[in-house]
Every structure is written in structure tokens, then in C-alpha cells.
1. Can you tally the net charge around A:E114? Count Lys and Arg as +1, Asp and Glu as -1, for every other residue whose Cβ sits under 13 Å from the Cβ of A:E114.
2. Using only atoms on other chains, find how many Cβ atoms lie within 10 Å of each Cβ of peptide A:136-145 and report the average.
3. Who wins for biggest fluctuation among B:A204, B:A103, B:A189 in a Gaussian network model of chain B, springs between alpha carbons below 10 Å?
4. What is the set of long-range amide H partners of A:F33 at a cut-off below 5 Å, with H atoms built 1.01 Å from backbone N?
5. Given H placed on each backbone N at 1.01 Å, which residues far from A:Y156 in sequence or on other chains put an amide H within less than 5 Å of it?
6. With θ set to phi - 60°, apply the Karplus curve 6.51 cos²θ - 1.76 cosθ + 1.60 along region A:198-205 and write out the HN-Hα couplings as whole Hz, x wherever there is a Gly or Pro.
7. How about A:K172: which lysines have a C-alpha closer than 28 Å to its C-alpha, ignoring those fewer than 8 places off in the same chain?
8. Contour minus end-to-end for A:S179 and A:S208, with contour as 0.36 nm per residue of separation and end-to-end as the Cα-Cα distance?
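Read the figures in this text as sums done on the coordinates, not as results from a lab. What you see is a predicted model; the values in this text were computed from it and never measured. Backbone-built Cβ (ideal geometry, glycine too); neighbour counts: all protein chains shown.
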There are 2 protein chains.
Amino acid sequence: MRKSICVLSGGMDSTTLLYHLLHDGRKVKAISFDYGQRHKRELEMASQTCLKLGVEHKIISLAFMRDIASNSALTSDMQVPHGHYEAENMKLTVVPNRNMIMASIAMAWAVNEEFDEIALGVHAGDHAIYPDCRPVFVDQLKKIAMIANFNPVFIYAPFLHLTKNDIAERGKVLNVDYSLTHTCYEGGAAPCGECGSCVERAEAFKISNMIDPLIK
Amino acid sequence: MRKSICVLSGGMDSTTLLYHLLHDGRKVKAISFDYGQRHKRELEMASQTCLKLGVEHKIISLAFMRDIASNSALTSDMQVPHGHYEAENMKLTVVPNRNMIMASIAMAWAVNEEFDEIALGVHAGDHAIYPDCRPVFVDQLKKIAMIANFNPVFIYAPFLHLTKNDIAERGKVLNVDYSLTHTCYEGGAAPCGECGSCVERAEAFKISNMIDPLIK
């Protein structure tokens, strides 16, 4: 049986991933990161999902990110850009090297726990805007994870070539409780409906013929 | 002019690297990591070296390492093994995925500062014991650093194929102030003389015909 550390943001992609891993029969622990994101509410949602599913959950504080990533709208007081996810101004929401940092720490925990895999929820919709969500990044991550420690760590990214719509449809089948997720970059309890993340989530629910439980 | 983030532990290898980078005409900032190592004194030494050389220095707290790396002698209350560096029991001093975590964070800072390089003090003496100091690891790190962000980050590891003795000899030429370094894993002000790190440092000073300023 594969033992997997799930990198869980608390958004809909990684939450669906967690359900997917459990459904697949893996032994799973989850790890989340507090990197100073203004949408910290996602961490509470991650905790609640893990509690509901009986999954061990660790939240890692990356307090230093506010200091070294001062030029990203997600980790500073800069305004979050509104509009469609793929537009140029969404690049302001890139946090430098975020996925590599998170994957590195998840790998360390995997090695310590004698787990053999880390699972990432990156998907095709992220490719255009986040360089560390592209297949080429995942390919290189796979390679370095094979040799960075005495034992290899496998990288599992089953949604890499799926769209967010595909993920929502997978979530429908897996009966994911999307009321325990958070997507909006602004960070309020109700989706702002205008940031790139909200726009994308709304599209995915619409196309999958689902009602978003966060919209009252 | 290359702009370089120097990963500075405060030991003799990375301190010599810092002098090397400055001598080479690079613009340099230094980054150190508090990962719960018991030899925290190395961080004070790193700060003093940067102060002396007029280099901007950032110490990043990785407080979570004590939590997720509970099976390493460097980040737990386990006893530090004594004896020669390459012996099997020195594997207890391996901290899972340490260099990948540190390199990832240094890369994030480089991207934020628009620096184009990170410099690492890994050397041939580390290869036998630390998987994330081997040339194959540095090769993979170079590859992922090219594509993890919008702009490439170059990895500079000029000591990769040098021994610690070679580094000491380089330090002699560069007039490195080794009184502002710390090597001993036990963490006291005076070297214990028995841990693998102390044994290796003593050999390097002896072969280079230098007196270690830390030995009174």
C-alpha cells in the first residue's frame, strides 16, 4: 500500500485530491502551509476536512514568506487583482517558488515518517499562470525527489492534465464536501466572486451542474 | 555582474564560499536557516561574518523542522554520534531533505530580489554521507531551478568537487577569518573534538598548515 503525504491547501483541487487518495486505498497524512496568505481561511477548511475524514493533519508555519516574498499580492498588502485567472495581472498572485518550498517540506516529512509519496493537486488550469504548476516542473520535481534522500520519494499528481471542471466532476463522484473548502483570494467567508480564483471555481461548478455550497 | 544569494551555515565551507563570491566580484546577500539545530552557535557566527564583510544577512526560522524531522540527531534530543565523518552512524546526522528545503527558500528570495543565482558550499567530503550534497543532487537542482519560476535561477556550487582540505587552502588565500565560524555538532563555544564535523575540520586545518583559531 502506498503511503502518501497530501499537500492540502484547503481549496477544491487538493481537497478533491485527498478524497481521491483515500478512495484509492492509500494511507494518507495531510500537510498544509501557512505562508502568510491573506486567504488564511483555507487552512481552517483543510483542518475541518481532515477532521471529517479522520486524516492526520499538520499545518506548517512559513512565517518567513511575508518577508522574502514581498512582491506577491498573496503575501503582502498589495491589492488582489480581479478578472479571469489567465490574464496577465494574475501574475501578481504568483508566490516565488511556492510549490518547490512546499514539496520540499512535504518530502522531508515523508522521509521522516517512512512514507513513499507526496501528492499534489496541480492541474491544467494552473499551467498558464503558475510556473511551478507546469508539467515540466512536476517532471523535474519527480527526478530530484528520486535522489535527494536515501530513499526515493514519488511525486503523484493525478490531476496534472485535468481541468478544474474535470476535477469538480471527479469530486461529484467522490461526494466531496465542498462546503469545507475555500477558494477566494480575498479571504472572506463568502466568495468575492471577482478574483481569478472565484471566477474559475464558479465556472467549474456551473459546467459540472453543481451548486456551490459556499454561495448562499 | 552576477547577483548571488549565498546559503551560509556559519561553518567553514559556506563562510569560505562567501569570501570567494565577494572576491569574484559578485553582488551578494546571505541567507541562513535556524532549523532547530543544536549547534545554533553557527548562526551567530554567520551574522558576525556578514557584519564584518558588510553583507546583508537574513536568518530564516524553520521552527517546524524539529516537528517533522524528529528522527535526526541534529534536530532532536538524540545523542550526536562521535567518530569519523564517513562512518555509518553519522547517518543519524542527516536531516531529511534539508538542502532542498534551504535551496528552495533561497531561490524564492532570489526571485523576489531579482537575483539570478544561489550559491551552495557543498563539497566532496559531504558526498558519502549526505544524499543532498552529491553531484547528482546538484545537477537535478540546477535543472529544476531553471524552470520553477518565470526567470531561471542558477545554482553555483564551486566547491562541489573540492575536499575540505582544498577549501581550507582556498580560505587561506582569501584570508578568511575562521574565528567567526562554527563547526562542532555539539554546539558549544569550543570544539568538542570528537564529532565527525570536528574531526574533519581538524584534519583540514592540519593538512593546510593552519592553526584553528577556535582551539585555545
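1. +1
2. Values: counts 5, 4, 0, 3, 9, 4, 2, 5, 13, 4.
Average neighbour count from other chains, rounded to a whole number: 5.
3. The residue with the greatest mean-square fluctuation here is B:A189.
4. A:I60
5. Under 5 Å from the amide H of A:Y156: A:I118, A:A119, A:L120.
6. Here the 3J(HN,Hα) series is 5, 4, 5, 4, 4, 4, 5, 5 Hz.
7. In chain and number order, the partners are A:K3, A:K27, A:K29, A:K40, A:K52, A:K58, A:K164, A:K206, A:K216.
8. Stretched fully, the A:S179-A:S208 segment lengthens by 8.8 nm.
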